[in-house]
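Structure first, commentary second.
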Amino acid sequence: VEADEGVESLKSEDLAAEEIQDRPSPMPQSDVPKQAPSKAHARKSLFTAPPLGFREQAAQVVEATGKAGEAIDDVVEVPITEVTDKLAISYWRFCEGLRCYRSPSVTKALRLICAAPVPGLGGPSYLDVFDALTQGSAWENHIYLFGGLVRDILRRTVGNDIDIGFSAPAAELEVICKAAGYTSSLDGDYILIGDESGEEYLEGMVISYNGIQPPEHADFSMNILFYDFRNDIIIDKTGTGMPAVIQNRLDLPCAREKWGAWIDINGVRVCFRYYKFLLRGYSNDETELAFVVDTMLEFWGKDPETTMEIGRIALGNLVGSTDAKKIEKLKSIVIDSFAYANKKAPKLQKKDTKRMSMMPSMAGQADP
């Protein structure tokens, strides 16, 4: 019906254009258009370009003053004294090195991204859901963006996943979701909202799980940032996250004396993720790289099958990739890193042998 109406409208406009062309003009001849609008022009005016999606609009915002991949240039530190709603950031009060930042372009971009509807909910946006989760309780709840979305937007890139941290029990949020008619699923301190079978949905963990824990509980410094919608600020709980992102550095999240605890908490998975981020072009510290390599070898020596299975999960889509350039780059990174680790520990002949046996499996196309 809409197509038929469009055709009829086109015909009407064409006839109107012809009538105007034939009708005597009351204006002076010099003011009369030399040619009436053509039929092609009439059609063109009816079919405009489709509006940009929310993510595309967000990309335009952050790329207005720089290219994708470059650091945002309007980030300023916000003293705690200038934070309006201090209760919203009070969970990090005991974190040593806590700093807060504000960026007008980041705020605008993140709010645009979260203005999109949540797949599977039939209309409500992410912001609508955040409002429901924070206002539907007798307690004061807070919702924060967390992880890659915050990290990437600071380098003018729109990420995919929308992960959150929240200050309420996940079971309480599930009750709010049911009352609002939102599809959700619960698993302990984890909640998923939206269509679980789709490519995009809303998910998160209670903030006590990964938000306010000591830094060795995180994977890397660049991934510890939170975005607080209540104050529209970026929260860096250790003061090391923002510098790492701005300088595009892959840093271990804690001091050297805590590296052992970092591995005890996260396992060998973070070592594989280290290579995943090196592949994306992050710079790194060579001493930290040597530690990561030696740690992988220790796990490899104890249980190679389990280590490789964890690696496949951690590397995700890289496993089985047919992108020859990406595989070759990963291979080069692995070989260079193992060579450097050998230089750092030339007397460890036993570990050298393990390195040589591990390199083909980690860098090869069959098991990247």
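The values are calculated or read from the model by the stated rules, or taken from the named source; none is laboratory data. Note that the structure is predicted; figures quoted are calculated from it, not measured. No Cβ is skipped: glycine too gets one built from the backbone with ideal geometry, and neighbour counts run over all protein chains shown. Ligands, DNA and RNA are stripped out before the accessible areas are found, and what is left, the full protein with its side chains, is counted by its heavy atoms. Shrake-Rupley method; radii C 1.70, N 1.55, O 1.52, S 1.80 Å.
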When the Cα atoms of segment 58-164 are enclosed in a convex hull and the volume is divided per residue, what value in Å³ results?
118
How long is the gain from residue 213 to residue 71 if the chain were fully straight, where each residue apart is worth 0.36 nm and the alpha carbon distance is subtracted?
48.4 nm
Run the accessible area of segment 161-231 with a 1.4 Å probe and give the carbon-and-sulfur part as a rounded percent.
46
Quick one: work out Rg over Rh on the C-alpha atoms of segment 209-317, Rh as Kirkwood radius.
0.99
Taking a probe of 1.4 Å, how large is the accessible area per residue of segment 91-162, in Å²?
43
Where only protein heavy atoms count, and the probe is 1.4 Å, what is the accessible area per residue for segment 163-298 in Å²?
38
Within the accessible area of segment 280-341, what % is carbon and sulfur when the probe is 1.4 Å and the other protein chains stay in place?
51
Pop out the Kirkwood hydrodynamic radius of segment 73-128 from its pairwise C-alpha distances, inverse of mean 1/r, in Å to one decimal.
13.6
With a Cα-only, solvent-free Debye model of segment 177-236, what are the log10 I(q)/I(0) values at q = 0.12, 0.21, 0.26, 0.30 Å⁻¹?
-0.41, -1.01, -1.10, -1.16
Over all directions, how big on average is the projection of the convex hull of the alpha-carbon atoms in segment 254-308, in square nanometres?
3.9
Using only C-alpha atoms and all pairs of different ones, pull out the Kirkwood radius for segment 108-170 in Å with one decimal.
12.6
Rounded to one decimal in nm, the spacing of the 7 Å Cα→Cβ label points at residue 309 and residue 200 is 3.4
Across the Cα atoms of segment 144-277, what radius of gyration and what greatest pairwise Cα-Cα distance (Dmax) are found, in Å?
15.6, 48
